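Notes for the one structure printed next.
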Amino acid sequence: MKPYRRLVLVMIVAAVATGCASSPEYSPLIGSEPEIGASLSRAPRTLRLYYNALPDVSRSSLRLTGPAGEHQLRGLHTMAADDLMIEILDPVTTGTYTVEWTTVVGDDPAVYSGSFDFSVVGN
Ligand SMILES: [Cu+2]
C-alpha cells in the first residue's frame, strides 16, 4: 500500500472510532445516589455514581452546584463496585442541585462527562 493511501485509511479509521466514542447518546453512567431527577426529603451526605465499568479515580472528577453555588466535596474514591463516591461537605439545603461528572472507565480510553439534577424538597 502506498504511504498516502495508508494515511487516508488511518484517518478514516480514527474518524469512525472518535465518532463512536463521542456519540452524544452514549454515556457509561448507569445510575446514581441520589437518583437522577430524584426529589428528596432528606439532604444527601454523599454522591455515588454507577458506571458500566470501573472508573479510573485519578482521571475522574465530580462537581456539585446548588442554590448556594458550588459545594465543597471531599475524598473522591471508588467502592470498587464500578462507582465513584464522594462526601458532600457543605450542608445541603432545599433547592435544585446539579451533579457534573467526568470519568474514564474500564479499558475505554475515551473521557466521558455528563450532568444530572436532583432536588431537595425538605420535609
Ligand atoms: Cu464510599
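Read-outs: derived from the displayed coordinates by stated rules, not from any lab. In this text, all values refer to a predicted model and were calculated from it rather than measured experimentally. Positions of Cβ are backbone-derived with ideal geometry, glycine not excepted, and every protein chain shown enters the neighbour counts.
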Residues that are part of a loop (DSSP other than H, G, I, E, B) and not hydroxyl-bearing (Ser, Thr, Tyr), drawn from the stretch 50-61: Asn52, Ala53, Leu54, Asp56
Count of residues meeting criterion [more than 16 Å from the ligand (Cβ to nearest atom) and not in a strand (DSSP E or B)] in the stretch 34-49: 7
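Okay, residues lined up against (1) in a strand (DSSP E or B); (2) surrounded by fewer than 15 Cβ atoms within 10 Å (Cβ to Cβ); (3) free of Cβ contacts under 8 Å to residues at least 40 places away in the same chain:
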position	(1), (2), (3)
Arg63	yes, no, yes
Gly75	yes, yes, yes
Ala81	no, yes, yes
Glu87	yes, yes, no
Phe118	yes, no, no
Scope the stretch 55-86; condition among the charged types (D, E, K, R), closer than 13 Å to Trp101 by Cβ and within 12 Å of the ligand (Cβ to nearest atom); matching residues: Asp83
